[in-house]
Amino acid sequence: MKIIFTLLLSSMALATVSIANCFVGIPDDCPTGKVCAKYNPAGDSRCVDIPKTAPMIFDLPFDESSKVFCTQSSRLSTATHVFQNMLYAIDLTSHYKSDPGKIYASAPGKAFVHSGCKNPAGKPDQTKTDDCGLGYGNHVFLLHNEGYISIYAHLSEVLVKTGDNVRARQEIGGEGATGKAAHRHLHWDVHKLEGPKTSWEKTLSEPGWGGYSVPYRFRVKINGTEKIVNSSEIACRWLDQTQAPWSGTYKGSQDPKLK
Ligand SMILES: [Zn+2]
């Protein structure tokens, strides 16, 4: 371990590019306007520009009556949301004693579906994981305006088809544990696609992620009070018993282009 660290330091000293190692977490140790992200499985990290928050406000992708818990927010050094393509993702879980949640579109968009993964039978806290769907299991991308996409992963089943124009709050699948999911949950994220518009559909026709994770805002009710939460500002982790459950509050997107 020590040898690797020394090698890394010496290679950094020789390098003239702006790659720096930083602490992935809240707070990180990057300068203002930057955020720490890992960039390879070995855990090397660097400060990258903080992306602009997505302009629209999303709805919670669960049924309004269900209570859901945030079990992983972003940038926890011990967790998995540390790479640039999931830096602002959130894991949401219905109560382990309740039935799996129904998953709804959090804004209208065009669907791109990657399915065929088998949902493991058994308890919500099962730990069998696999690489199906590049680890994301059954997943749906919804393409919104300006190259923003919302992502719904680890679904037990998918109820829409590629090419469907999905309405806000349309049911798109079930909360599951397909792919690399240590427990039944929804991995929910928003990305911004770059490059020409004509390339977006091709990107989304491949499984896995296109573009980088961006901060996004969404409405929840916490203890009966409606709040708008930014995915970059919350900190939650599995088995955090201090948090109150969230429930959905639906008003449709506040981005006029998405009405
Ligand atoms: Zn996740």
Taking interchain pairs and intrachain pairs at least six residues apart, which have beta carbon atoms under 7 angstrom, with the first residue in segment 139-154 and more than 11 Å from the ligand (Cβ to nearest atom) and the second in a helix (DSSP H, G or I) and among the β-branched types (Val, Ile, Thr)?
-> none
In the same structural domain as Trp188 (by TED's automatic domain parsing), surrounded by fewer than 24 Cβ atoms within 10 Å (Cβ to Cβ) and within 15 Å of the ligand (Cβ to nearest atom), is that true of Thr129?
-> yes
So Val140 clears everything in (1) surrounded by 24 or more Cβ atoms within 10 Å (Cβ to Cβ); (2) under 19 Å from Arg237 (Cα atoms) except one condition, right? Which one?
-> (2)
Tell me, which residue of segment 39-74 that is assigned to a strand (DSSP E or B) and modelled with pLDDT under 90 is nearest to the ligand (Cβ to nearest atom)?
-> Gln72
Going through (1) on the phi < 0 side of the Ramachandran plot; (2) free of Cβ contacts under 8 Å to residues at least 24 places away in the same chain one by one, Gly122 fails only at (1)
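For (1) touching a strand residue (DSSP E or B) at 6+ places or on another chain (Cβ under 7 Å); (2) within 15 Å of the ligand (Cβ to nearest atom), each residue gets a yes or a no:
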residue	(1), (2)
Leu76	yes, yes
His81	yes, yes
Leu87	yes, yes
Ile90	yes, yes
Ser98	no, no
His114	yes, no
Among the residues of segment 75-90 satisfying the criterion of being crowded, with 21+ Cβ neighbours inside 10 Å and under 21 Å from Pro124 (Cα atoms), which is modelled with the lowest pLDDT?
-> His81
Go through segment 214-236 and give me each residue that's assigned to a strand (DSSP E or B) and under 17 Å from Thr71 (Cβ atoms).
-> Phe218, Val220, Ile222, Val229
Picking from Glu175, Glu206, the residue that is over 24 Å from Lys97 (Cβ atoms) and not polar (S, T, N, Q) would be Glu206
Would it be correct to say that Cys36 is surrounded by 17 or more Cβ atoms within 10 Å (Cβ to Cβ) and either touching a Ser or Thr at 6+ places or on another chain (Cβ under 9 Å) or in the same structural domain as Gly173 (by TED's automatic domain parsing) (or both)?
-> yes
Residues satisfying the stated conditions in segment 177-204, i.e. exposed (fewer than 14 other Cβ atoms within 10 Å of the Cβ) and either within 16 Å of the ligand (Cβ to nearest atom) or touching a residue at least 12 places away in the same chain (Cβ under 8 Å) (or both) | Glu194, Lys197
For Lys52, indicate whether it is touching a residue at least 24 places away in the same chain (Cβ under 8 Å), closer than 24 Å to Arg219 by Cα and surrounded by 15 or more Cβ atoms within 10 Å (Cβ to Cβ).
-> no
With Trp188, Trp209 as the choices, which residue is in a strand (DSSP E or B), among the aromatic types (Phe, Trp, Tyr) and within 16 Å of Asn138 (Cβ to Cβ)?
-> Trp188
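The values are calculated or read from the model by the stated rules, or taken from the named source; none is laboratory data. The shown structure was predicted, so the numbers you read here are calculated from the model rather than taken from an experiment. Neighbour counts run over all protein chains shown; Cβ positions are idealised from the backbone, glycine included.
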